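Please read the structure below before turning to the comments.
None of the figures in this text is laboratory data; all of them are computed from the coordinates on show. Please read these numbers as outputs of a predicted model, since none were measured by experiment. Positions of Cβ are generated from backbone atoms using ideal geometry, with glycine treated the same way; all protein chains shown enter the neighbour counts.
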Amino acid sequence: MSNQYIPRAEDKFTFGLWTVGNIGRDPFGDPVRGVVTPVEIVHMLAEVGAWGVNFHDNDLVPIDATAAERDRIVRDFRKAMDDTGIVVPMATTNLFTHPVFRDGAFTSSDPEVRAYALQKTMAAIDLGVELGAETYVFWGGREGTETDVGKCAVDSGRHFRYAINYLCDYVIDQGYNLRFALEPKPNEPRGDIYLPTVGSMLGFIATLDHPEMVGVNPEMAHEQMAGLNFMHAIAQAWEADKLFHIDLNDQNMDRYDQDFRFGSHSIKQAFNVVHFLESVGYDNPRHFDAHAYRSSDLDDVKEFARGCMRTYLILKDKSRQFAADSEIQALIAECTADDGSMSMWLEGGYDPGRNNELRRHLFDRDALGARGKPYERLDQLLIDLLLGVR
Ligand code: GLT
Ligand code: MN
Ligand code: MN
């Protein structure tokens, strides 16, 4: 029975080097775990059954590495990939650790920093593509402010757009097969980060020179930090054909950036997310951008990684059960029943003649208002199902 929860390649489960490699440093305490090398992480991911690994340029190649060191590191990493079958579907740039990015990267108030951020990102894109990445994530963790007295938010938006346009042109010029996925976050490490939600990113993407190359990488915890409904966010992105990648994790709303194991806190929301992804046929990577509790040792880090994937697969199974449950489906059908009597107005758009009829039609407002929806019953059936008594 529990065999069905074993991850397979087609699940496209991935982890970043920075996730299982997280050493447990926080603003109040020193690291609690030793450094695990990228090669060791690849082997660890293979051991727990993941499909892929993602990295920031400097997770793999230290920022001060020489060209020869870079080539040796890449060679060793590729060997680990070949030995294990682990692939690299996504890569990204660290534009937040070094002090040079203290006031942002693409939106820094210092033009020299903005130019350096472009240079660093192009080198990181080359590295990602060299190792097979087809998706390139932009998480603008430092692209924001603590106070807005020092720079203009409109200028920052223009700077960010300029950078993404520039880098799209670089990718086209190189002939790379690479799409960009922008990852919003409302705050942390900056007091406020520009383009804080999936909705704002989608609005921004429409203003780019090559909007077709750019989608989003929504992170569950980031929308939750903003008090938003993550499933609604990914549904909007999906409908716009922009759900290029996804960061799955968990979070107690209104707290710091917790990056908890997927499904460890908000089970119903996690179900909604899995049910949505599986129902629409999402087929891009499923990246767990989370890390183990600071109290974990390395063995427990492996349990953390296994747990993310196992919970996803359990919820995928629950999603199948939900779809096959005749009582649940009958209630949903009842809630969404449509006898077609309104389709002359609700399909086919505006037509002056039909519109005249709509303007004259008598609606029995009170009778309509008296129609209830059995959402309590339906929701309890979901709870029964999730708690395993159904
Ligand atoms: C960082 C952040 C994540 C981003 C990563 C990609 S790094 O850990 O909290 O949400 O996805 O830059
Ligand atoms: Mn996060
Ligand atoms: Mn993330």
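Which trypsin sites (Lys or Arg not before Pro) does segment 115-209 hold that lie in a coil by DSSP with at most 12 other beta carbons within 10 Å?
Values: sites: Lys120, Arg142, Lys151, Arg158, Arg161, Arg179, Arg190; in loops: Arg142, Lys151, Arg190.
Answer in residue order: no site qualifies.
Add -39500 (n - 2.57) for each DSSP H run of 4 or more in the chain, then divide by its residues: what number comes out at 222 nm, to the nearest 500 deg cm²/dmol?
Details: 16 runs with 184 residues, N = 390.
Using -39500 (n - 2.57) per qualifying helix, the result is -14500 deg cm²/dmol.
Would you mind computing, in nm to one decimal, how far apart the modelled labels at Lys268 and Glu40 are, each placed 7 Å from Cα along Cα→Cβ?
In this crude spin-label approximation the distance works out to 4.2 nm.
For the chain, the longest stretch holding no GluC sites (Glu not before Pro) located in a DSSP loop with at most 16 other Cβ atoms within 10 Å is which? If you can, show how the numbers build up before the last one.
On the way: sites that count: Glu146, Glu347.
Longest site-free region, per DSSP loop and neighbour criteria: 147-346.
I'd like the FRET efficiency for Tyr256 and Leu387, computed as 1/(1 + (r/R0)^6) with the beta carbon distance as r and R0 of 35 Å, rounded to 0.05.
Details: r = 29 Å, r/R0 = 0.83.
Step by step, r from the Cβ atoms, then E = 0.75.
Taking the radius of gyration and the Kirkwood hydrodynamic radius from Cα positions alone, what is the Rg/Rh ratio for segment 1-112, to two decimal places?
Taking Rh as the inverse mean 1/r over Cα pairs, Rg/Rh reads 1.04.
Once the Cβ-Cβ distance between Glu334 and Ser200 is put in as r, and R0 is 51 Å, what FRET efficiency do you end up with, to the nearest 0.05? Let's see the in-between values first.
Working: r = 36 Å, r/R0 = 0.72.
Taking R0 as 51 Å, the efficiency between Glu334 and Ser200 is 0.90.
What's the extension gain from Asp192 to Cys152 if we count 0.36 nm per residue and subtract their Cα-Cα distance?
Values: separation 40, 0.36 × 40 = 14.40 nm, distance 1.36 nm.
This chain segment gains 13.0 nm when fully extended.
Kindly state, to the nearest 0.05, the FRET efficiency for Arg161 paired with Glu376, given R0 = 35 Å and r defined as their beta-carbon distance.
On the way: r = 46 Å, r/R0 = 1.32.
Efficiency at R0 = 35 Å is approximately 0.15.
Which Cα, out of Val274, Cys308, Asn284, lies furthest along the positive dipole direction of segment 262-340 (beta carbon charges, K/R +1, D/E -1)?
Comparing the listed Cα positions along the dipole, Cys308 ranks first.
Compute the distance in nm between two label points, each set 7 Å from the Cα along the Cα-to-Cβ direction, one at Gln321 and one at Asp169.
About 5.5 nm, to one decimal.
How high is the relative contact order of segment 1-144, in percent, with contacts defined as C-alpha pairs under 8 Å that are six or more residues apart?
22
For His232 and Arg359, calculate 0.36 nm times their separation in residues minus their Cα-Cα distance, and state this gained length in nm to one decimal.
Numbers: separation 127, 0.36 × 127 = 45.72 nm, distance 3.24 nm.
So the extension gain works out to 42.5 nm.
Which angle between 0 and 90 degrees, to the nearest 10, do you get for helix 298-324 versus the longest principal axis of the chain when only C-alpha atoms count?
Roughly 20 degrees, rounded to the nearest 10.
Once you put a point 7 Å from the Cα of Tyr293 and another 7 Å from the Cα of Asp110, both along the Cβ direction, what distance in nm separates them?
Each label point lies 7 Å from its Cα, and together they span 4.1 nm.
Could you tell me the ratio Rg/Rh of the chain? Both radii from Cα atoms, Rh via Kirkwood.
On the way: Rg = 23.4 Å, Rh = 23.0 Å.
Here the Rg-to-Rh quotient is 1.02.
Which of the trypsin sites (Lys or Arg not before Pro) found in segment 282-356 are in a DSSP loop and have at most 16 neighbouring Cβ atoms, other than their own, within 10 Å?
Working: sites: Arg286, Arg294, Lys302, Arg306, Arg310, Lys316, Lys318, Arg320, Arg354; in loops: Arg294.
Of the trypsin sites (Lys or Arg not before Pro), the ones in loops of segment 282-356 whose Cβ has at most 16 other Cβ atoms within 10 Å are Arg294.
As I understand it, the value is the acute angle between the Cα axis of helix 38-48 and the longest principal axis of the Cα atoms of the chain; what does it come to in degrees, rounded to 10?
Between helix and principal axis, roughly 40 degrees.
As an exercise, identify the trypsin sites (Lys or Arg not before Pro) in segment 1-100 lying in DSSP coil whose Cβ has no more than 12 other Cβ atoms within 10 Å. Walk me through the intermediate numbers first.
On the way: sites: Arg8, Lys12, Arg25, Arg33, Arg70, Arg72, Arg75, Arg78, Lys79; in loops: Arg8, Lys12, Arg25, Arg33.
Of the trypsin sites (Lys or Arg not before Pro), the ones in loops of segment 1-100 whose Cβ has at most 12 other Cβ atoms within 10 Å are Arg8, Arg25.
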